[in-house]
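The values are calculated or read from the model by the stated rules, or taken from the named source; none is laboratory data. Fair warning: this is a prediction, and the values are worked out from it, not measured in the lab. Reconstructed Cβ throughout: ideal geometry from the backbone, glycine too, with neighbour counts over all protein chains shown. Areas reflect the complete protein model, heavy atoms only, side chains present, ligands, DNA and RNA absent. Shrake-Rupley method; radii C 1.70, N 1.55, O 1.52, S 1.80 Å.
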Amino acid sequence: MVRTDVARKNKPPAGDWVPVEGLGLKGFERVEHVPKSSYRDNSMVVICPLRTPMVHHRVVQCWNALQWPMNQKRAMFMVTGAEVGLAYDDQLAACLGHPELKQWKYLLTLEDDNLVPPDAVGLMLEAIGLGPFDAIGGLYFTRGDLNMPQCYGDPLEFQRTGVLDFLPRDMVSAIKQGAIVPCNGIAMGCSLYRMSMFKDVPRPWFKTSSSGTQDLHFCSKAASAGKRFAVDSRVRVGHMDLATGEVF
């Protein structure tokens, strides 16, 4: 508590400082160290395709609560009126054709039916900086009674057999340990990509077809080009049924 009574009785000359009981230099001992990684270039393009003109208030609350890296460039684009794969592909192409945005480091994808935790961006930046990953996904599950973790395929099996599979991985142990799990494919409800990888993989990057979704279409092309994916099980994302409000 500031001793205002002491300050009034011993009023210092104008421009001088006032010692406050209980603080002083020892106050700096309570300041946490800022990791050196926070001073890297974490410039980020954010793309959010909107399936409906109105975004659910719970989703908006989560977006507003996101903790962004300090003093970093960020541009957020919400794309309406287009199929989700086309929305991602066209907006990303526009960013990579922009003289400034094409130099930025990361692409973050958010979708309007996912509830993301406040620390998602910081955790995924930490994960992507740890090792050889080109993209990191948050952990969330498909909707429905037989919901499955959206962490697809074992890269070790891909290296061993040359067959690129997208079977959902068993995440039970990883969730308990808060582990980062390498995989062949990630979903796009809350994912962080290095922008540089899109310069190495030919367009179309995101294409929805009768045989697959836009996210795994890209992961298939990128994994075949040597790009690496992982899911950060610390980033727990809710998958919301917009019709019922149920979250998986």
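Just a yes or no: is a residue in the stretch 2-24 at pLDDT 95 or above and loosely packed, with under 10 Cβ neighbours inside 10 Å? The answer is no, given that none of the residues of the stretch 2-24 is at pLDDT 95 or above and loosely packed, with under 10 Cβ neighbours inside 10 Å. Looking across the stretch 65-81, the residues that are more than 17 Å from Thr52 (Cβ to Cβ), open to solvent by less than 90 Å² (accessible area, probe 1.4 Å) and part of a loop (DSSP other than H, G, I, E, B) come down to Leu66, Trp68, Pro69, Gln72. Checked across the stretch 138-146, the condition of being at pLDDT 95 or above and under 24 Å from Arg40 (Cα atoms) holds for at least one residue.
Reported count of residues in the stretch 202-240, each being among the polar types (S, T, N, Q), more than 17 Å from the chain's Cα centre (by Cα) and under 17 Å from Pro182 (Cβ atoms), is 2. Being among the polar types (S, T, N, Q) and in a strand (DSSP E or B) is the filter; apply it to the stretch 198-248 and report the residue that is modelled with the highest pLDDT. The residue in question is Ser233. Looking only at the stretch 218-245, residues that are in contact (Cβ under 8 Å) with a residue 60 or more places away in the chain and open to solvent by 60 Å² or more (accessible area, probe 1.4 Å) come to 5 in all. Of all the residues in the stretch 204-229, those that are in contact with a Leu (Cβ under 9 Å, 6 or more places away or on another chain) and small (Gly, Ala, Ser) number 3. I'm checking my understanding of the structure. Among residues of the stretch 39-64 that are of a type in the set (A, V, I, L, M) and assigned to a loop (DSSP other than H, G, I, E, B), which one is least open to solvent (accessible area, probe 1.4 Å)? Checked the stretch 39-64; the qualifying residue least open to solvent (accessible area, probe 1.4 Å) is Leu50.
Being in contact with a strand residue (DSSP E or B) (Cβ under 7 Å, 6 or more places away or on another chain) and either within 25 Å of Ala225 (Cβ to Cβ) or not charged (D, E, K, R) (or both) is the requirement here; does Gly137 meet it? It is true that Gly137 is in contact with a strand residue (DSSP E or B) (Cβ under 7 Å, 6 or more places away or on another chain) and either within 25 Å of Ala225 (Cβ to Cβ) or not charged (D, E, K, R) (or both).
Against the test of being closer than 18 Å to Ile128 by Cα, within 18 Å of the chain's Cα centre (by Cα) and either at pLDDT 95 or above or of a type in the set (S, T, N, Q) (or both), the options Gln61, Gln72, Gln91 yield a single qualifying residue, Gln72.
Restricting the stretch 198-217 to residues that are touching a residue at least 40 places away in the same chain (Cβ under 8 Å) and crowded, with 20+ Cβ neighbours inside 10 Å, which is nearest to Ser43 (Cα to Cα)?
Applying the first criterion (touching a residue at least 40 places away in the same chain (Cβ under 8 Å)) to the stretch 198-217 yields 198-199, 203-208, 213-214, 216-217.
The next check asks that each one be crowded, with 20+ Cβ neighbours inside 10 Å; those that pass are 198, 205-206, 214, 216-217.
Details: Phe198: 16, Trp205: 21, Phe206: 22, Gln214: 24, Leu216: 25, His217: 26 Å.
Taking the candidates together, the pick is Phe198.
When Leu96, Leu50, Leu66 are checked against the criterion of being in contact with a Lys or Arg (Cβ under 6 Å, 6 or more places away or on another chain), touching a residue at least 40 places away in the same chain (Cβ under 8 Å) and closer than 28 Å to His217 by Cβ, Leu96 stands alone in meeting it. For the stretch 83-105, what are the residues that are closer than 14 Å to Lys199 by Cβ and aliphatic (A, V, I, L, M)? The answer is Leu92, Ala93, Leu96, Leu101.
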